[in-house]
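Here, each number is a calculation from the coordinates, and none is a lab measurement. Values in this document were obtained by computation on a predicted structure and should not be read as measured data. Heads up, the Cβs are rebuilt from the backbone with ideal geometry, glycines too, and the neighbour counts pull from every protein chain shown.
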Amino acid sequence: MRPEIVEFKDKLPATMFVRNVEYYPYHWHDILEIVVVLKGSINLIIGDESLLLHKNDIALVNIDEMHRMDNYGEGNEVLSIHIDGSFCRRILKDRAFLYLYCCSTYHEAATPGKYQQMKTYIAQLVQVVYKINTLDTPDIFYSAEQLLISMIKYLDYHFDFLRWGYGTTPFSEKIVNRLKFIAEKTSNDQEMLSGLSGLASELNISLQHLSHDIKEKFGLTFQELLYYSKCEQAAKLLLSTCKRIIDISMDCGFSDAKYLIKYFKRYFNCTPSEFRKKHLADNKIVPDRIYYRDCPLSDAID
């Protein structure tokens, strides 16, 4: 269950289903997941961020990103589209670091065009997959795969967090490429500071100026973004292993467990031990805590 293993049947590197979701505990998987609310409302928790989604809202869960889902006070129907992570990596072969931010609740009003395009891709994909269930022909599978490729490439540019942050004005390609490189290679504060200093020098601006621009776009300093990433990795180890806190802190790049505890409390509002106690369940118990009802895929077709 943690991580959750998703199998892809037939010839298509994607699957989709419609469910009435009551509760789905923290899990992660090697897939890119798109969530669309068809009826009612849900609370989608990605890492430490709670996203309240209503009818027609869409949100994206990144590959291996920890998330859970709760019903929000009423019945719901939720379309989930799972895209094979290995397929995404083949399409985006030059993208070792991939982090997308897509949540219509908070950003569609500022950028309606790109969310409408995503909804168009989703509607077309649902139609094609629905046809696959009745027409097993090479043309249908080819159409579905080409549609997936187009959608993944569109997501990669228009929802790349290191390009856009939460805003509507992208960083230059030079900054984007360097930030991705730094994010991929950094394992400690000195490496991060060295990478940002080099980028500032290339751009002929001060490190303070660059740091201010990053904080303004992302809401966090680059260092804080990287610490969050380390804390999310720690959360996964807390739920999927019996390792001690001190060992988990070392595995996640903290020089001392006290730094893991400090930053974990900042991002998850509890200590690592409290998080483990609250959310940990073994493989026998976790399936019993999942509450949902499958619905026909036709419910996702207008």
Legend entry - Principal axes of the stretch 173-279: Cα extent on each, largest first, Å: 48, 22, 22
Inset, instruction - Compare Arg68, Arg244, Arg178 in a GNM of the chain, Cα atoms joined below 10 Å, and give the one with the largest fluctuation. - result: Arg244
Inset, instruction - Go ahead and set up a Gaussian network model of the chain, Cα springs under 10 Å, then flag whichever of His279, His54, His27 fluctuates most. - result: His279
Inset, instruction - Mind pulling the angle between the C-alpha long axis of helix 112-132 and the longest principal axis of the chain? Nearest 10 degrees, somewhere in 0 to 90. - result: 40
Inset, instruction - Pairs of Cα atoms under 8 Å, at least six residues apart: use those to get the relative contact order of the chain, whole percent. - result: 21
Legend entry - Extent along principal axes [Cα atoms of the chain; Å; largest to smallest]: 58, 45, 34
Inset, instruction - Quick one: net charge around Arg293, please, counting Lys, Arg +1 and Asp, Glu -1 for every other residue with C-beta under 10 Å from its C-beta. - result: -2
Inset, instruction - Under a 10 Å cutoff between Cα atoms, tell me which one of Ser104, Ser197, Ser41 has the largest fluctuation in the Gaussian network model of the chain. - result: Ser197
